[in-house]
Amino acid sequence: MTVHHSAHKKFHQLIDKASSAALNVPTAVVHAVSKDALQGAIDAAKRHLIKPIFVGPLHKLKAAAAACRIHLDEYEFLSVEHSHAAADAAVDLVLQGKAQAIMKGDLHTDEFMHPIVTRLHTDKRMSHCFVMDIPTYERLLIITDAAINIKPDLEDKMHIIQNAIDLAHALGVRHPKVAVLAAVETISSSMPATIDAAALSKMADRGQITGGIVDGPLAFDNAISVKAAEMKNIKSAVAGHPDILIAPDIEAGNIMVKQLDYLADAKAGGLVLGAKVPIILTSRADDSLMRETSCALAGIYLQYQHK
């Protein structure tokens, strides 16, 4: 079955909103030495989502530009020796006030994130939010964390939830509903994820997490389906209508996102939040729509922060 772009109209509306605002976020694009990585940044620049500063080995950048039939002289670039140096130089650009976001190009995530974690950290825990456009779901759905925190503890999850709520606010969701996922919806001492979920719900009640409605533990079915919740007699303001799904660990989150991508025709954009600037963490498998969406998210989030 061919999936037409109209199936992802929520992403197109998001990009159009950011594009019409001409945010042109100065963005350090790290080691965009592959055709897809370079083209994705250029496409975002043409939509006025970012103003790229390409950081990488000049000969490799020029080779990628030739493959894309792009004249690199039209854009700002900073030549460095290799990918390690590119990641460090991008952080330098942020600290110098020359870049307001960083975008991953063609390098490993660990290599890309290392200088960011060590030099751009804040008092928040960094976490990644996937924003999903799922044709069968009526709103954008944030899934976190499926890319950064491997086995988050309770305090990590508190930061992960708060980062996701802040992003939802930036997207115009005033009171986002947060489902903290586990395998079951009942609390069991043999399943630590259920205990964490219950504690996080109470932390939201007591003001340790703010700006959203948090409930858990919820299994995926009764988190996402009103009917499933009713069948299990679950009374919850979140069940059936979540804006945010909190995965218990990176394996669960990553599998969930990729299942939606490959089996439900979903598209995903995303950001790393909790650093001094938003981090656009693209994948080599991302298409142009996903890359542009991630850039749009960075601009919308920055605009929200500066209000």
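The values are calculated or read from the model by the stated rules, or taken from the named source; none is laboratory data. This structure is a prediction, so every number in the text was calculated from the model and none was measured. All Cβ positions, even for glycine, are placed from backbone atoms using ideal geometry, and neighbour counts span all protein chains on display.
Does Asp265 meet the test of being on the phi > 0 side of the Ramachandran plot, in a loop (DSSP other than H, G, I, E, B), over 11 Å from the mean Cα position of the chain (by Cα) and modelled with pLDDT under 95? Reasoning before the result, please.
Numbers: on the phi > 0 side of the Ramachandran plot: yes; in a loop (DSSP other than H, G, I, E, B): yes; over 11 Å from the mean Cα position of the chain (by Cα): yes; modelled with pLDDT under 95: yes.
Criteria met by Asp265.
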In the set Val238, Val277, which member is in a loop (DSSP other than H, G, I, E, B), over 21 Å from Ala197 (Cβ atoms) and among the hydrophobic types (A, V, I, L, M, F, W, C)? Val277
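Rundown of residues vs (1) surrounded by fewer than 17 Cβ atoms within 10 Å (Cβ to Cβ); (2) closer than 30 Å to Ala41 by Cβ, yes/no style:
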residue	(1), (2)
Met191	yes, no
Ile224	no, no
Ile244	no, yes
Ile250	no, yes
Ile255	yes, yes
Ala266	no, yes
Being farther than 15 Å from Ala252 by Cα, surrounded by 14 or more Cβ atoms within 10 Å (Cβ to Cβ) and of a type outside the set (Gly, Ala, Ser) is the filter here; which residues of region 209-222 pass it? Ile209, Ile213, Val214, Asp215, Asn222
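The rows are residues; the columns are (1) surrounded by fewer than 24 Cβ atoms within 10 Å (Cβ to Cβ); (2) farther than 26 Å from Phe54 by Cβ.
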position	(1), (2)
Gly105	no, no
Met113	yes, no
Val117	yes, no
Leu120	yes, no
Lys124	yes, yes
Ser127	no, yes
Ile134	yes, yes
Glu138	yes, yes
Thr144	no, yes
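Residue by residue, here is whether (1) hydroxyl-bearing (Ser, Thr, Tyr); (2) over 29 Å from Pro135 (Cβ atoms); (3) modelled with pLDDT of 95 or more; (4) touching a helix residue (DSSP H, G or I) at 6+ places or on another chain (Cβ under 8 Å) holds:
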position: Lys17; (1), (2), (3), (4): no, no, no, yes
position: Val29; (1), (2), (3), (4): no, yes, yes, yes
position: Gln39; (1), (2), (3), (4): no, no, no, yes
position: Pro52; (1), (2), (3), (4): no, yes, yes, yes
position: Ala65; (1), (2), (3), (4): no, yes, no, yes
position: Cys68; (1), (2), (3), (4): no, yes, no, yes
position: Tyr75; (1), (2), (3), (4): yes, yes, no, yes
